[in-house]
Amino acid sequence: MKEGKLKRSDFLRGAGGLLAASVLPISLVEIACGGGREKGASNEGFTFAFISDPHLTHIKGTSFVRNFDSGLKKAIETVNLLFPRPDFVVFGGDLAQLGKREELDHGMELLSKLNVPVKFVIGEHDYYLDLGKYWEDKISKLQYSFDHKGVHFTVLNSILTYEPWIQKWKTPEERMNQMARLDNPQGSPFMVGDEQISWLKKDLEKINSKTPLVILSHSPLYKIYQPWNFWTDDAEKVQSELSRFDNVTVFHGHVHQVLYNQIKNISFYALMSTAWPWPYPESYQRDKNYIPKMTVFMNRQDPFHERDGTGWAFVNMENGREEMHYKLWENKDRVVKYDDKAGHPIDSEYQLPESRILPQTHY
């Protein structure tokens, strides 16, 4: 079949088979601009891939943690095998574990093997050693936007925090180590910040409200669980700036798990990590959590398996509505899609409690 004759749905079916064979934690995304487009926008659907949260960890010299390297390498190799090629790759943040130049350089060397352009989102593990200076100098801007075939993309640096917290630590290394901890009473919540929200408002002023809008961030742009920093303090301010658009989709990393949510006109989807999964905050009862009630949790396979809880996904998006296909390690696929009647995303097979697969018990 010639490339010009191949439909995007054929691409995704073929890619799904290819990637299911390799079972890797990446996301393939298809966007088809539907009705209500801004005049002059392209009718052409397109694909892009997602790779997120590899947490490359430097040991010493040229040695890095093998398992984390392996996940990223395999994802890159698989993207390079896709036909037709995706238009670009989105990298969702946390390339490094402790923000070291060795980790960032190593990650960029691996990512340089991709045969398509990369759009970068910064994570807190990349940022808090030098407050993003090396990233911005060598890798990417921290916030930016671009248009692609009728869709407006905005990339936000959602992992900023309050200046007094930044200044309280004696060394950059101490600051980085504090921010890298999951359950840290001395941590500080993420935020986008007033300056960046003003930038966002200006960026969106020129965009028609019927144009499909995709926001790329590292942290979730809503509040889930503050003790683990699954949280963005000023998320409601960001949501307000997006309120005039008909359909908005936010893709984020950081939480290393399947999550989906709907807040007014905005659909939210989390991506898995190529390194490891985090537990759901419901497993820790010290503080109240705000896990979306609509989310059906991913079923952990085996905590002794190094790929437990990692996975990949692809998204079909038409008329500004998305259909998220989660591919979990040695587990049944999950399809989460926007339901017009419900007014939010639902799992097409497991949404009803009586339809769910019971978790395994390990002794």
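The values are calculated or read from the model by the stated rules, or taken from the named source; none is laboratory data. All figures in this text were calculated on a predicted structure; none of them were measured in a lab. We place every Cβ from the backbone using ideal geometry, glycine too, and count neighbours over all the protein chains shown.
Some observations on this one:
- Screening F146 against (1) surrounded by 15 or more Cβ atoms within 10 Å (Cβ to Cβ); (2) in contact (Cβ under 8 Å) with a residue 12 or more places away in the chain leaves a single unmet condition, (1).
- For segment 119-151, filtering for residues that are at pLDDT below 95 and of a type outside the set (K, R) leaves 4.
- Every residue from segment 92-129 that is within 20 Å of W312 (Cα to Cα) and in contact with a Ser or Thr (Cβ under 7 Å, 6 or more places away or on another chain): G92, G93, F120, V121
- Selected residue [over 24 Å from T171 (Cα atoms) and crowded, with 18+ Cβ neighbours inside 10 Å] from L82, L104, L129: L82
- Condition check for D183: of a type in the set (D, E) and modelled with pLDDT under 95: yes
- Residues satisfying the stated conditions in segment 223-232, i.e. surrounded by 20 or more Cβ atoms within 10 Å (Cβ to Cβ) and either of a type in the set (V, I, T) or assigned to a helix (DSSP H, G or I) (or both): I224, W228, T232
- Residue that is farthest from the chain's Cα centre (by Cα), among those in segment 41-53 that are of a type outside the set (D, E, K, R) and either buried (at least 23 other Cβ atoms within 10 Å of the Cβ) or part of a strand (DSSP E or B) (or both): F46
- Within segment 307-363, strands (runs of 3 or more DSSP E) holding 2 or more residues that are modelled with pLDDT of 85 or more and crowded, with 17+ Cβ neighbours inside 10 Å: 334-339, 344-347
- Those strands (runs of 3 or more DSSP E) of segment 54-166 in which at least 1 residues are under 30 Å from Y222 (Cα atoms) and among the hydrophobic types (A, V, I, L, M, F, W, C), considering only elements entirely within it, cover 88-91, 118-120, 144-148, 151-155.
Residue by residue, here is whether (1) part of a strand (DSSP E or B); (2) in contact with a Lys or Arg (Cβ under 8 Å, 6 or more places away or on another chain); (3) among the aliphatic types (A, V, I, L, M) holds:
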residue: L221; (1), (2), (3): no, no, yes
residue: H254; (1), (2), (3): no, no, no
residue: F268; (1), (2), (3): yes, no, no
residue: R300; (1), (2), (3): no, no, no
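- Pairing each residue of segment 328-349 that is more than 19 Å from R300 (Cβ to Cβ) with any residue that is of a type in the set (K, R), provided the two are 6+ apart or on different chains, yields C-beta distances under 9 Å for K337/R321; Y338/R321; D340/R321; P345/K337; I346/K337; S348/R334; S348/K337.
- One residue stands out among those in segment 233-252 that are assigned to a loop (DSSP other than H, G, I, E, B) and farther than 15 Å from R321 by Cβ: the one that is farthest from the chain's Cα centre (by Cα), which is R244.
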